[in-house]
Amino acid sequence: MMSNTKMRAGAVFPEMQWDAVGGGKVDPMSQSGWRALIIYRGQHCPICKSYLDQLEKLQGQFKDTGVAVFAVSADTQEKAEKQAAECGWTFPIGYGLSIPQMRELGLYVSDPRSPEETDRQFSEPALFVINPQNEAQIIDVSNAPFARPDLESLLKGLQFIIGKSYPIRGTA
């Protein structure tokens with residue numbers, strides 16, 4: 001069931017942070033500039049793995065564009081660290097996304113289909129682009145693992161938005 005709250009385009013992104021693989025925190029609001037936060041379903045999702053593999057390949061281009069990238073899931077530390085190591089992901093990865101945080105972000109929350117899938121509720125995928133004013137510039141919230149923005153298209157769009165000082169859309 002989705003939360004009654006839905007983040008609005010142009011809203012200030014909420015203060016949230018998560019423990020990070022390898023130590024420290026994933027804290028998008030502690031950074032300045034442009035940020036892209038990818039919410040993924042967790043280790044159990046092969047589509048998420050492919051998506052984050054693509055992010056790994058493109059992260060240099062995001063950085064060159066001036067966009068820091070992060071990913072977070074509801075996974076445990078053990079699951080997140082194992083997957084990051086196996087996949088060779090080098091961007092910041094947070095774990096322990098809580099149900100209240102999912103609700104605050106307006107995410108879809110799912111129950112596992114079986115104990116083999118995962119042992120806890122998890123968020124369906126989402127993506128938030130946070131601008132230098134800490135506002136939600138782009139919001140994409142999905143209720144299905146296979147419906148998410150193409151990262152190459154997102155990168156091109158961000159290059160345009162940043163280069164042209166394009167306004168936040170969908171605020172009316």
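Order of ILE38, ILE47 from fewest to most other C-beta atoms within 10 Å?
Going from sparsest to densest Cβ surroundings: ILE47, ILE38.
3J(HN,Hα) along the range 166-172: 5, x, 5, 9, x, 8, 7 Hz, from the Karplus curve 6.51 cos²θ - 1.76 cosθ + 1.60 with θ = phi - 60°, whole Hz, x for Gly and Pro.
Label the range 1-135 by shape, choosing from rounded, prolate and oblate, from the square roots a ≥ b ≥ c of the eigenvalues of the Cα gyration tensor; if a/c is under 1.5 it is rounded, and otherwise prolate applies when a/b is larger than b/c, oblate when it is not. Oblate, because a/c is 1.5 or more while a/b does not exceed b/c.
Length gained on full extension, SER153 to TYR166: 3.1 nm, using 0.36 nm per residue less the C-alpha separation. An oblate overall shape is assigned to the range 13-89, the ratio a/c of its alpha-carbon gyration tensor axes (a ≥ b ≥ c) being 1.5 or greater and a/b not exceeding b/c. Relative contact order of the chain, taken over Cα pairs closer than 8 Å and 6 or more residues apart, is 30 percent. Annotation: extensible slack from SER32 through GLN61 equals 8.7 nm (criterion: 0.36 nm per residue apart, minus Cα-Cα distance).
When both bridge partners sit in the range 33-164, DSSP labels roughly 60% of those beta bridges antiparallel.
Projecting the Cα atoms of ILE130, GLY88, SER110 onto the dipole axis of the chain, where Lys and Arg carry +1 and Asp and Glu carry -1 at the beta carbon, places ILE130 farthest toward the positive end.
Taking ASP75, ASP19, ASP119 in turn, the Gaussian network model of the chain (Cα-Cα springs below 10 Å) assigns the largest fluctuation to ASP119. Label-to-label distance for LYS25 and ASP53 is 3.3 nm, based on points extended 7 Å past Cα in the beta-carbon direction. Taken as entire DSSP H runs, the helices of the chain that both span 27 Å or more between Cα atoms along their own long axis and average -1.0 or more on the Kyte-Doolittle scale are 46-65.
Think of each Lys and Arg Cβ as +1 and each Asp and Glu Cβ as -1; about the Cα centre, that makes the dipole of the range 33-164 roughly 320 debye. Taking a ≥ b ≥ c as the square roots of the Cα gyration tensor eigenvalues, the range 61-117 comes out oblate, since a/c reaches at least 1.5 and a/b does not exceed b/c.
Values quoted throughout were computed directly from the atomic coordinates according to the rules given, and no laboratory measurement underlies them. Predicted, not measured: the structure shown is a model, and the values here were computed from it. Here the Cβ is made from the backbone with ideal geometry for all residues, glycine too, and neighbour counts use every protein chain on show.
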